[in-house]
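Reviewing the structure listed below.
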Amino acid sequence: MTIPIRQETPADHAGVYDLVKEAFASAEHADGKEQDLAATLRTGGSFLPKLSLVAELEGELAGHILFTKAKVGADPVLVLAPLSVKPKFQRMGVGTALIHEGHNIAASLGYSYSLVLGSETYYPRMGYLPAEQLGVTVPEGIPSANFMASQLRENAKPLAGTITYPKEFGL
């Protein structure tokens, strides 16, 4: 099945807010504020409109992904957060399609790495490894198995250091 993916537009904001809220309502590791994080990240200086993507199925928003700018040491990287798929469209490849499209766009924009704090069983299927294997120091209090990174470009210079998240993350 081909999953149509496009850049999010301002007309999508309310629908994306509801989608993120619904997607995380039953998530194992959620704080119930993921929809607010997405809305706040959209207004910050680290927001990249080309990397805020939506998937559509059956005439409705099925999924959303957002990548924002961050740094490891002095090197620019991306942070994937949040990735949301409406429950009725989960396990249909929507999340995978959003990640692959986001990675392709990110690489074309010159980004070499994407980092994520997420499921240690889901993200490795998309090429994510424990971030410490790629030279990123795991932030204090974060389980190393859940703090992962993916190299997006073959010629990427190695990373070394601690991540600096956009201030909107509150970390």
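Read through the list (1) modelled with pLDDT under 95; (2) within 25 Å of L134 (Cβ to Cβ); (3) not hydroxyl-bearing (S, T, Y), then give the number of the only condition that Q35 fails.
(2)
The conditions are (1) closer than 24 Å to P10 by Cβ; (2) out of contact with any His (no Cβ under 7 Å at 6 or more places or on another chain), and V72 fails exactly one of them. Which is it?
Checking V72 against (1) closer than 24 Å to P10 by Cβ; (2) out of contact with any His (no Cβ under 7 Å at 6 or more places or on another chain), the one that fails is (1).
Might you let me know whether region 64-80 holds any residue that is within 25 Å of A25 (Cα to Cα) and of a type in the set (K, R)?
Checked region 64-80: no residue is within 25 Å of A25 (Cα to Cα) and of a type in the set (K, R).
Take region 103-147 and flag every residue that is of a type in the set (V, I, T) and without any contact (Cβ under 8 Å) to a residue 12 or more places away in the chain.
Correct list: T121, V138.
The values are calculated or read from the model by the stated rules, or taken from the named source; none is laboratory data. Note that the structure is predicted; figures quoted are calculated from it, not measured. Neighbour counts run over all protein chains shown; Cβ positions are idealised from the backbone, glycine included.
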